[in-house]
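First up is the structure itself, then whatever we jot down about it.
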Protein chains: 2
Amino acid sequence: MAEREELNVLRWISQEYFDLNGSHYDTWKGLPTSLEFSQLVRIGRPVLIKGTPIPEMTSKWTDEYLVQRSGDNQLSIAVTPNGRADAVTPGPNDNLYFVEPYTEKLTMETFLSKLSSSGVDAKESRGVYYLQSQNGNLYSSEPSQASEFPVLRSDIPDDLPFCSEALGSPPEAVNLWIGDEGSITSIHSDPYENIYTVIRGQKIFTLFPPTDGWCMKEHTYPHAQYTRSSVTNQLVITPSSSDVPQIRWSSIIDPDDEAEMHPDAHPIHITVSAGESLYLPSGWWHYVRQSGLTIAVNYWYDMESRGMPWVWLNLLRGIKEPLAANGVQNSESQCDSEEALLDNYSAE
Amino acid sequence: MAEREELNVLRWISQEYFDLNGSHYDTWKGLPTSLEFSQLVRIGRPVLIKGTPIPEMTSKWTDEYLVQRSGDNQLSIAVTPNGRADAVTPGPNDNLYFVEPYTEKLTMETFLSKLSSSGVDAKESRGVYYLQSQNGNLYSSEPSQASEFPVLRSDIPDDLPFCSEALGSPPEAVNLWIGDEGSITSIHSDPYENIYTVIRGQKIFTLFPPTDGWCMKEHTYPHAQYTRSSVTNQLVITPSSSDVPQIRWSSIIDPDDEAEMHPDAHPIHITVSAGESLYLPSGWWHYVRQSGLTIAVNYWYDMESRGMPWVWLNLLRGIKEPLAANGVQNSESQCDSEEALLDNYSAE
């Protein structure tokens, strides 16, 4: 009962936010100034920017250039049988796991040749390849994190001044993404202000505001990883040892499927083409596909830690430790409460 | 039951916000730039600024200067028997009303002489005088609103560029406040970003974050106004006609009184002296006293209407229309629900 009423609060927030903001997003003709970006972050709505901080790369980064510049460097490439890295997937005994991809080390030339061999049979046997290491593969705020792209990174600024000046700190990570329509990023949200700029192809975003968190059917899943069988060479889901923490993740496979998504959720569809950028505010849920061979770079900046943001995002995801009658937090009951909240919803 | 659980959500938000932010407030040595102010608004915490946009006024605005410049202009002065304008007060039949002050037209010279006649007897018979018209008495975004201070206003800028540039619009109102320790502003919150700069004396603020809204015991009160009896010359509370909308206001008289304030509320005390300014973020609850003859100017800027702010502030004040089971808002039950929520709390 308690969770049901909490859910009613979340539903109210979600509807009220939509009534005030609709599905509107701003489109800007060029990059904002630092003051303008600070205002955009305060508003916290996605913005499609018809510009990029690296306009020359849209013509410079041909296959030939990338191959020539990368040479024999071994790049970490994510491989999955179905194009869904970091997603909830049925594993052994049909149990659901949060499954991370298998990582293969390939040269740029080999990787790009796998992306261009588009026959379904080829992909089914070898897997879907996606350069998506997400760990600051171009630049990282961790000094120990070496870039796998020592040559390519010289083409990409390590910082976007309009963001760093607005947010008061350099990016936490700068990531390179190369993939095609075979790869899909499952729906999730990040505690980062995100600038996503597309160099080639198109990124197709389905976005939901943080206030739709109650629709995301988040559950906690055991961790697993794809490994390649030494016998069959097939990718198989291998559960991690029990001391790997469980992962809280949305159980929704395709948020664009009306049969799967809650009818009261409020999607926004934005396609970002080469030479364009997306400001994706912290806490926004996103599901990302590609159209053709797509190359993008994103900048992650830490979200504001002072003030309200963390409280709101935790509330909106239902990550809320109930208060005991005396006002003291009771952390032991957190998981039960979360599950009850989500199960309440799922039962609808 | 529903409201009890909603209240538990509000309690959780309040505690979580405090755990993350404590009672900290920043102190700045001087005025922020527009970019810095935009960041401060995003954080949404009060800031004491050891500076003012009008430093020369702290020495220029002597009694003599004010009297000489204002001449015979008739100023609107609020008069109450107890120094509490715009406050919940017992009226006829001991019913509680939201009572606005009596307004007297006085010259600056007469007004200042009443402030300086500090004998209790004198005040009890004549009332407590406070220049606090709050309607943009210096500058207003309403073109029809004429200033009562055509001469003094030339000393005061009609805009603070660091605020207007950060917020993207000029101030909604600029107000002059002149009073003394006899006047108290009852606790309330405004949907404005507020820059409060002190020219003489001291403003003593007791602040609570928006997340403490559930502690404020807001109720809805009939409207009344002080009038001066033509027979006795005493100030008497006169209920307004029933078509004047009721006012939602905190029933707390003194939030610094531990017996009256909820023990889980999180006050912050900030004294702002002559030559200093306070950034008071939108939605923050404030109770304001003065030390000696105090002159201040404040700038009100509209709070951001896009994104989350209005949703959060309404949620935190318990102004929430419950959703019916089908997700459609049921506005008819709003008042009942509010009252139930507050009564639930009050019963604790």
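Observations on the model:
- Qualifying positions in the range A:296-308 - open to solvent by less than 40 Å² (accessible area, probe 1.4 Å) and at the interface with chain B (Cβ under 9 Å from one of its Cβ atoms): A:E304, A:G307, A:M308
- Selection count where residues are farther than 30 Å from B:E3 by Cβ, under 23 Å from the mean Cα position of the chain (by Cα), more than 7 Å from chain B (Cβ to nearest Cβ) and part of a helix (DSSP H, G or I), scope the range A:1-48: 2
- Failed criterion for A:H262 (all others in (1) touching a helix residue (DSSP H, G or I) at 6+ places or on another chain (Cβ under 7 Å); (2) part of a strand (DSSP E or B) hold): (2)
- In the range A:263-287, the residues that are crowded, with 20+ Cβ neighbours inside 10 Å and of a type outside the set (A, V, I, L, M, F, W, C): A:E276, A:S277, A:Y279, A:P281, A:S282, A:G283, A:H286, A:Y287
- Leading residue by the ranking (farthest from A:G318 (Cα to Cα)) among those in the range A:227-257 that are assigned to a strand (DSSP E or B) and under 19 Å from the mean Cα position of the chain (by Cα): A:I247
- Qualifying residue in the range B:19-27 (condition: within 23 Å of B:S164 (Cβ to Cβ), open to solvent by 60 Å² or more (accessible area, probe 1.4 Å) and among the hydroxyl-bearing types (S, T, Y)): no
- Apart from one condition, A:W310 fits all of (1) at pLDDT below 65; (2) part of a helix (DSSP H, G or I); the exception is (1).
- Every residue from the range B:240-273 that is hydroxyl-bearing (S, T, Y) and either touching a Ser or Thr at 6+ places or on another chain (Cβ under 6 Å) or closer than 22 Å to B:E181 by Cα (or both): B:S250, B:S251, B:T271, B:S273
- Residues (modelled with pLDDT of 95 or more and either within 14 Å of chain B (Cβ to nearest Cβ) or buried (at least 19 other Cβ atoms within 10 Å of the Cβ) (or both)) located in the range A:157-173: A:L160, A:P161, A:F162, A:C163, A:S164, A:E165, A:A166, A:L167, A:G168, A:S169, A:P171
- One residue from A:R69, A:R11 being over 26 Å from A:T271 (Cα atoms) and open to solvent by 60 Å² or more (accessible area, probe 1.4 Å): A:R69
- Single unsatisfied condition, A:N137 versus (1) modelled with pLDDT of 85 or more; (2) of a type outside the set (F, W, Y); (3) assigned to a loop (DSSP other than H, G, I, E, B): (1)
- Criterion: without any contact (Cβ under 8 Å) to a residue 12 or more places away in the chain and touching a helix residue (DSSP H, G or I) at 6+ places or on another chain (Cβ under 8 Å) - qualifying residue of B:V9, B:V41, B:V67: B:V9
- For the range A:178-219, the set of residues classified as farther than 20 Å from A:N137 by Cα, of a type in the set (A, V, I, L, M) and open to solvent by 10 Å² or more (accessible area, probe 1.4 Å) consists of A:I204 only.
- Hey, B:I77 surrounded by 19 or more Cβ atoms within 10 Å (Cβ to Cβ) and either facing another protein chain (nearest Cβ under 9 Å) or free of Cβ contacts under 8 Å to residues at least 40 places away in the same chain (or both) or not: no
The values are calculated or read from the model by the stated rules, or taken from the named source; none is laboratory data. Just so you know, these numbers come straight off a predicted model, no measurement behind them. FYI the Cβ positions are ideal-geometry reconstructions off the backbone, even for glycines, and counts take in every protein chain you see. Each accessible area value is taken on the protein alone, full model and side chains, heavy atoms only, with ligands, DNA and RNA left out. Shrake-Rupley method; radii C 1.70, N 1.55, O 1.52, S 1.80 Å.
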